[in-house]
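*Asks:* Quick one: the structure is below, questions incoming.
The values are calculated or read from the model by the stated rules, or taken from the named source; none is laboratory data. Small disclaimer: the values here were computed from a predicted structure and weren't measured. Here the Cβ positions follow ideal geometry from the backbone for every residue, glycine too, while neighbour counts run over all protein chains shown. When the accessible area is computed, the model is the full protein with side chains, heavy atoms only, and any ligands, DNA or RNA have been set aside. Shrake-Rupley method; radii C 1.70, N 1.55, O 1.52, S 1.80 Å.
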Amino acid sequence: MANLTLLKAGERAKVVSIGYLTETQHQAINAIRQKEGKPLLVEPVVLFLGRHLYESRSADGYTIEDMAVMVESALSAESIAHAHHKMTGVMNHSSREDGYGNRVRDLGVLELYARRPKAELLSVIPKGDDIKPKDLK
């Protein structure tokens, strides 16, 4: 994750494409958005800048390598569209060992307005990370 390395070094990162939502994920997100009366996500492309992810997860003590695993897990083909009144994203319902004593399910939070018609992976939240790396130090 070159963007995360740049951000760690205090440099500017550019928005890059990191993959695609599956057809099922794309359709499910659009069904949610249609129900809420929001504009549909036209393209299944997922963009990434990484600033919010880096700031949030590094504050918890996670490494760039940890964050890369979170992104891969959240954007897995098995992840399912997930939404509530504050966010829309995709969540991997298969838990994984995070290396810090937790079993987590990664929730990828998508920004669906700023870079329309594409989605931007804004952050990943490792749900269930009761023991954070900073707590172990």
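*Asks:* Just the residues that are open to solvent by 50 Å² or more (accessible area, probe 1.4 Å) and charged (D, E, K, R), please, taken from the stretch 1-45.
*Replies:* K8, E11, R12, K14, E23, K35, E36, K38, E43
*Asks:* Of the conditions (1) over 30 Å from K134 (Cβ atoms); (2) modelled with pLDDT of 95 or more, T63 clears all except one; give me its number.
*Replies:* (1)
*Asks:* Counting residues that are surrounded by 15 or more Cβ atoms within 10 Å (Cβ to Cβ) and in contact with a His (Cβ under 8 Å, 6 or more places away or on another chain), which strands (runs of 3 or more DSSP E) fully inside the stretch 48-137 reach at least 1?
*Replies:* Output list reads 87-91, 103-111, 119-127.
*Asks:* Does any residue in the stretch 24-38 that is free of Cβ contacts under 8 Å to residues at least 60 places away in the same chain come within less than 6 Å, Cβ to Cβ, of a residue that is aliphatic (A, V, I, L, M) and buried (at least 17 other Cβ atoms within 10 Å of the Cβ) six or more places away or on a different chain, and which pairs are these?
*Replies:* Qualifying pairs under 6 Å: A28/A81; N30/L41; I32/A83.
*Asks:* Oh, and also: Given (1) out of contact with any helix residue (DSSP H, G or I) (no Cβ under 9 Å at 6 or more places or on another chain); (2) among the hydrophobic types (A, V, I, L, M, F, W, C); (3) farther than 27 Å from L41 by Cβ, identify the lone condition not met by I64.
*Replies:* Evaluating I64 over (1) out of contact with any helix residue (DSSP H, G or I) (no Cβ under 9 Å at 6 or more places or on another chain); (2) among the hydrophobic types (A, V, I, L, M, F, W, C); (3) farther than 27 Å from L41 by Cβ leaves (1) as the failure.
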